[in-house]
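K.L.:
My questions will all concern the structure given below.
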Amino acid sequence: QVQLVESGGGLVQAGGSLRLSCTASGTIRSINAMGWFRQAPGKQRGLVAAITSGGVTNYADSVKGRFTISRDNAKNTVYLQMNSLKPEDTAGYYCYAGLGVIYWGQGIQVTVSS
């Protein structure tokens with residue numbers, strides 16, 4: 001069994017920054033891709049950013065240039081540095097990790113006030 005625990009969310013003013021972290025624990029041999037999805041009320045969950053074990057990254061167009069994803073393979077941890085936050089970034093953010101099957105975190109709220 002694998003558990004993902006997220007931290008770092010909260011309330012921030014527009015233009016501010018937050019850093020999300022997600023650590024995987026449990027029976028882990030190797031993790032392929034890790035990343036973040038987000039879901040706002042009334043909207044579908046969508047990819048924010050992803051990173052492979054080799055460090056190849058992928059971003060949603062809406063966050064390119066503002067968000068940076070990184071990971072520490074030794075700690076089974078993925079980070080999401082979010083800068084220049086906008087009210088439209090307000091959502092629940094969900095971490096995932098690919099280990100043959102996809103595991104999800106419980107989600108963490110990010111609220112950006114205007």
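K.L.:
Please give the contour-minus-distance gain from T68 to Q81: 0.36 nm per residue of separation, less the Cα-Cα distance, rounded to one decimal in nm. Can you show the working numbers first?
P.N.:
Working: separation 13, 0.36 × 13 = 4.68 nm, distance 0.51 nm.
This chain segment gains 4.2 nm when fully extended.
K.L.:
Under a crude label model (7 Å from the Cα following the beta-carbon direction), how far is R45 from T111 in nanometres?
P.N.:
If labels sit at R45 and T111, their model points lie 2.2 nm apart.
K.L.:
For K86, go through the lysines and keep the ones whose alpha-carbon is under 28 Å away, minus same-chain ones fewer than eight residues off.
P.N.:
In chain and number order, the partners are K43, K64.
K.L.:
Okay, next question. Can you give the charge dipole size of the chain about its Cα centre, rounded to the nearest 20 debye, using +1 on the beta carbon of Lys and Arg and -1 on the beta carbon of Asp and Glu? Display every interim value, and only then the final one.
P.N.:
Working: 10 positive and 5 negative charges, 16 e Å.
The calculated dipole for the chain is roughly 80 debye.
K.L.:
Okay, next question. On the accessible surface of the chain, probed at 1.4 Å, how many percent belong to carbon and sulfur atoms?
P.N.:
On the way: 2890 of 5990 Å².
Roughly 48 percent of what the probe reaches on the chain is carbon or sulfur.
K.L.:
In nm, to one decimal, how far is the modelled label at S25 from the one at I102, with both set 7 Å along Cα→Cβ?
P.N.:
The modelled label-to-label distance comes out at 2.5 nm.
K.L.:
State the volume of the convex hull built on the alpha-carbon positions of the chain, expressed per residue in Å³ and rounded to an integer. Don't jump to the answer; show the numbers that get you there.
P.N.:
Values: hull volume 10.5 nm³, N = 114.
Hull volume normalised by residue count: 93 Å³.
K.L.:
Same structure again: How large is log10 I(q)/I(0) at q = 0.11 Å⁻¹ when the Debye formula is applied to the Cα atoms of the stretch 1-63, each weighted equally and without solvent?
P.N.:
After summing over all Cα pairs, the log10 values are -0.33.
K.L.:
Further, regarding this structure: For S17 paired with Q1, estimate the spin-label separation in nm (one decimal), with each label point 7 Å from Cα along the Cα-to-Cβ line.
P.N.:
3.7 nm
K.L.:
What ³J(HN,Hα) values, in whole Hz, does the Karplus curve 6.51 cos²θ - 1.76 cosθ + 1.60 give for the stretch 28-39 when θ = phi - 60°, with x put for Gly and Pro?
P.N.:
10, 9, 7, 10, 7, 7, 10, x, 9, 10, 9, 9
K.L.:
Tell me the per residue accessible area of the chain using a 1.4 Å probe; a whole number in Å² is fine. Provide the component values of the computation, followed by the final result.
P.N.:
Details: 5990 Å² over 114 residues.
Heavy-atom accessible area per residue stands at 53 Å².
The values are calculated or read from the model by the stated rules, or taken from the named source; none is laboratory data. Bear in mind that the values here come from a model prediction, so they are computed numbers and not experimental data. Please note: Cβ atoms are built from the backbone with ideal geometry, for glycine as well, and neighbour counts cover all protein chains shown. Note: accessible area is taken over every heavy atom of the protein model, side chains too, but ligands, DNA and RNA are not part of it. Shrake-Rupley method; radii C 1.70, N 1.55, O 1.52, S 1.80 Å.
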